[in-house]
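Here the structure is laid out as structure tokens; the discussion comes afterwards.
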Amino acid sequence: MAEREELLEAATESLVVFLRRSAPRNPETVSSLGLTLHQFRALVILYAEDGCTTTDLADAVGVHPSVATGIVQRMVQRGLFERHEDPIDRRIRRLTLTPSGRELAGEVVGDARVQRRRQLEALGDDQLTQVRAILDTVIDGLDEARAEV
């Protein structure tokens, strides 16, 4: 494997490990909300990507689209998600959070944000500046890739 490929693979793995380890690990958090782990993930993903489709959600949660359909249905029944017709293509249904869903997701995301902030406190100011610049570049790349689709 070429040096760049090895570096990309190592950086990707480090990012995945950080995200896994920095996610709230308290199982009581998920169960106290009355959500399955997949529903919990779907709630957080929709908070970040309001207006996505069930297929988008399936990809993000890591489940088959038929499983995502069941997740969405249960979240709609609980009053956390809504389905809306896409204004451009009426065949597509977009998912949004209800006010209750947005409030619940905000609480969950807020808890994770506090935990990740504590983890980043180990870095010095220069390192934080570098991390922010790197992540901004990665986010810009994601935005550009989505705009192309």
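Of note:
- All positions within segment 91-115 that are modelled with pLDDT of 90 or more and loosely packed, with under 11 Cβ neighbours inside 10 Å: Arg91, Pro99
- Residue within segment 44-51 that is closer than 24 Å to Arg20 by Cβ, touching a Cys at 6+ places or on another chain (Cβ under 9 Å) and surrounded by 14 or more Cβ atoms within 10 Å (Cβ to Cβ) present: yes
- Matching residues in segment 27-49 - criterion: being touching a Leu at 6+ places or on another chain (Cβ under 6 Å) and charged (D, E, K, R): none
- Take the conditions (1) surrounded by fewer than 14 Cβ atoms within 10 Å (Cβ to Cβ); (2) modelled with pLDDT of 75 or more; (3) over 15 Å from Gln73 (Cα atoms); Thr36 misses just one of them, which is (3).
- Test: Glu82 is charged (D, E, K, R) and modelled with pLDDT of 90 or more: yes
- Test result for Ala58, among the hydrophobic types (A, V, I, L, M, F, W, C), touching a Pro at 6+ places or on another chain (Cβ under 8 Å), surrounded by 13 or more Cβ atoms within 10 Å (Cβ to Cβ) and at pLDDT 90 or above: yes
- Subset of segment 112-139 [within 18 Å of the chain's Cα centre (by Cα) and within 21 Å of Arg20 (Cβ to Cβ)]: Ala112, Arg113, Val114, Gln115, Arg116, Arg117, Leu135, Val138, Ile139
The values are calculated or read from the model by the stated rules, or taken from the named source; none is laboratory data. Since this is a predicted model, take the numbers as computed values, not measurements. Positions of Cβ are generated from backbone atoms using ideal geometry, with glycine treated the same way; all protein chains shown enter the neighbour counts.
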